[in-house]
Amino acid sequence: MLVAPSILSANFAQLGNEISAICEASCDLIHIDVMDGHFVPNMTIGPVVVNSVAKVASKPLDIHLMVKDNNFFIDLFSHLKPNYISFHIESEKHPHRIIQKLKALGIKPAIVLNPHTKPDIIEYLLEDLDMVLLMSVNPGFGGQKFIPSVLKKVKELKNMINTINPKCLIQVDGGVNDMNIKDLKDAGVDIVVAGSYVFKSDDYAKAIKSLKI
Ligand code: DX5
Ligand code: ZN
């Protein structure tokens, strides 16, 4: 299991130190939640802060867009060469076009599904995706409770992936902790995002290790 701590739960007054700490604690990716106050009822960080994060990060960036205008935000972040940029299917009229744009920029495209969204909607996009992110909370805030129905959805998606594009990874984001990690692993998840579980712990290395099963 790969682990991507979400910096949304970090201490923003100490952000540089927090990024260094999770990199030293053997995280695999750094998950950056970008919210615009329109697609979700919250706002987080924009290019000024993300540029600073990229300077201190020694692990690849995984940018999760929760925005109405994906095109605009991709243009803001593409120069940082993040490993992944994920965008919500619910916010995009032309997902295939966005996928092709990301590929042309050398960024791995990923699509995010909200808790209520069925995986069938991405059947004809799956062959072009490097990752699908299934939300296990409603997007917008850290520290929410895990929605267990995502486990069924992971299994459904895994079947589609095995048939269409076995290289595509499954990521789950929201409420992940040491109590649900085994179920996620058994269902077929490859990468978990964990915000509050990592950053509210006393020992980041221990928390990250407990998810790497
Ligand atoms: C929610 C974000 C998540 C969030 C996860 O909209 O996409 O990445 O920070 O935080 P926890 O792990 O605390 O649910
Ligand atoms: Zn996220």
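Starting from the 7 Å offset along Cα-to-Cβ, what nm value, one decimal, do you get for the label separation of Lys68 and Asn42?
Modelled inter-label distance: 2.0 nm.
Taking the alpha-carbon distance from Lys55 and a cut-off under 21 Å, which lysines remain once sequence neighbours fewer than 8 residues away in the same chain are dropped?
Lys81, Lys108
Using the structure shown, select from Lys153/Lys206; Lys145/Lys209; Lys153/Lys200; Lys59/Lys185 the pairs with a Cα to Cα distance greater than 25 angstrom.
Distance filter (> 25 Å) returns Lys153/Lys206; Lys153/Lys200.
Quick one: compute a quarter of the convex hull surface over the Cα atoms of the range 1-109 and quote it in nm².
6.9
Under 8 Å for C-alpha pairs, at least 6 residues apart: give me the relative contact order for the chain, rounded to a whole percent.
So the answer I get is 22 percent.
Which whole-number percentage describes the relative contact order of the range 9-97, with Cα contacts under 8 Å and a sequence gap of 6 or more?
Computed value for the range 9-97: 28 percent relative contact order.
Compute the FRET efficiency between Val49 and Glu24 as 1/(1 + (r/R0)^6), taking r as their Cβ-Cβ distance and R0 = 22 Å, and round to the nearest 0.05.
My answer for the efficiency is 0.60.
Taking 1 over the mean of 1/r across every pair of different Cα atoms in the range 2-211, what Kirkwood radius in Å do you get?
One decimal place: 16.9 Å for the Kirkwood radius.
Looking at the range 91-183, which GluC sites (Glu not before Pro) are DSSP coil and have at most 15 other C-beta atoms within 10 Å of their C-beta?
Counting only loop positions with at most 15 other Cβ atoms within 10 Å, the GluC sites (Glu not before Pro) in the range 91-183 are Glu123.
Where the convex hull is taken over the Cα atoms of the range 67-128, what is its projected area averaged over directions, in nm²?
4.1
Counting helices only, and only those DSSP H runs with n ≥ 4, report the 222 nm mean residue ellipticity of the chain as the sum of -39,500 (n - 2.57) divided by its residues, in deg cm²/dmol to the nearest 500.
-9500 deg cm²/dmol
Just the number, please: percent antiparallel of the DSSP beta bridges in the range 2-211, rounded to the nearest 5.
Bridges in the range 2-211 that DSSP calls antiparallel: roughly 5 percent.
When the label point is put 7 Å from the Cα of Asp203 along its Cα-to-beta-carbon vector, which residues of the range 164-190 have a backbone N closer than 17 Å?
Of the residues in the range 164-190, 178-179 have backbone N under 17 Å from the label point off Asp203.
How big is the range 155-213 along each principal axis, measuring the range of its Cα positions in Å and listing the largest first?
Principal-axis extents of the range 155-213 (Cα, largest first): 42, 17, 17 Å.
How long are the three semi-axes of the equivalent ellipsoid for the range 61-184, computed from the Cα gyration tensor as the root of 5 times each eigenvalue, in whole Å, largest first?
So the three semi-axes of the range 61-184 are 23, 17, 13 Å.
Tell me the Kirkwood radius of the range 41-85: reciprocal of the mean inverse pair distance over distinct alpha-carbon atoms, in Å.
It works out to 11.1 Å.
Each value in this text was obtained by applying a stated rule to the coordinates, not by laboratory testing. Quick caveat, the model's predicted, so the values are computed rather than measured. Note that each Cβ is placed from the backbone with ideal geometry, even for glycine, and that neighbours are counted across all protein chains shown.
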